Amino acid sequence: MVFLDEPSDEDRLDLVDVLPGEDMHERHYQSSDSTVGDIRRKGLNTLAVYWQPKVPITPYTTYQHEMKYVSPSLYGDDAFYKALLIDNEIGIADVEIISKNQIEEVLGFVMPFWAAEVTVKRLYRYGMSGRRRRCEQPTLHDDGHKVRWTLNRPKRGRVYVLLAIYTGQKSRYIRESQQLFLPARIGNFFRKITRF
């Protein structure tokens, strides 16, 4: 990152996806170049980690910020996601995720402007449909236990989402996601009543 002025608190924050009601402790977050200043909830599914640089940031000088965290939320046993809100002009966003469970499939997509908040329905609608995959795609490594996702010059103000489906869980993920939509529920209802 290159800051043109002294960065504000809002310029120095990392967003972490969490389930509603979940919190994160400082011990879950690590950074080689900064310390945690504050952690606040931002919306239903996001925590903001406000960081303080260990070395003063100089305007017009490249500053590289690195961080890693252990998710405080135990997502579903079929899939998980990672959302990146690009709130600054950056050259490269590089994400690496290590999973205990083996991953079968990963995909990346860009949320539409009008639906920037990630929900289970939107993960399925925009991710699995393939309509929004207008970005570099993540790759699997280490026999499906590590995901690497590099975005070159992601667009400011957009939300990029990585969706990972665990091995053997794709059909379950699709089936359960489809149940969130009214046509699928109506179809199931009619299938049930026609059995009698």
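The values are calculated or read from the model by the stated rules, or taken from the named source; none is laboratory data. Predicted model, so just to flag it, every value in this text is computed and none were measured. FYI the Cβ positions are ideal-geometry reconstructions off the backbone, even for glycines, and counts take in every protein chain you see.
Okay, here's what the table says:
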quantity: Residue that is farthest from GLU96 (Cα to Cα), among those in the range 137-179 that are free of Cβ contacts under 8 Å to residues at least 60 places away in the same chain and of a type in the set (Val, Ile, Thr); calculated: ILE174
quantity: Members of the range 147-196 that are modelled with pLDDT of 75 or more and in a helix (DSSP H, G or I); calculated: LYS170, SER171, ARG172, TYR173, ILE174, ARG175, GLU176, SER177, GLN178
quantity: Residue match in the range 121-128 (condition: touching a strand residue (DSSP E or B) at 6+ places or on another chain (Cβ under 9 Å) and at pLDDT 90 or above); calculated: no
quantity: Any hit, the range 105-128, residues being more than 23 Å from GLU10 (Cβ to Cβ), among the charged types (D, E, K, R), buried (at least 16 other Cβ atoms within 10 Å of the Cβ) and free of Cβ contacts under 8 Å to residues at least 60 places away in the same chain; calculated: yes
quantity: Qualifying strands (runs of 3 or more DSSP E) (wholly inside the range 1-91; at least 3 residues being more than 22 Å from GLY108 (Cβ to Cβ), of a type outside the set (S, T, N, Q) and free of Cβ contacts under 8 Å to residues at least 60 places away in the same chain); calculated: 34-41, 46-53
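Rundown of residues vs (1) among the acidic types (Asp, Glu); (2) within 20 Å of ALA116 (Cβ to Cβ); (3) modelled with pLDDT of 90 or more; (4) surrounded by 13 or more Cβ atoms within 10 Å (Cβ to Cβ), yes/no style:
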{"position": "VAL2", "(1), (2), (3), (4)": "no, no, no, yes"}
{"position": "VAL18", "(1), (2), (3), (4)": "no, yes, no, yes"}
{"position": "MET24", "(1), (2), (3), (4)": "no, no, no, yes"}
{"position": "ARG27", "(1), (2), (3), (4)": "no, no, no, no"}
{"position": "ARG40", "(1), (2), (3), (4)": "no, yes, no, no"}
{"position": "ALA48", "(1), (2), (3), (4)": "no, yes, no, yes"}
{"position": "ILE57", "(1), (2), (3), (4)": "no, no, yes, yes"}
{"position": "GLY76", "(1), (2), (3), (4)": "no, no, no, yes"}
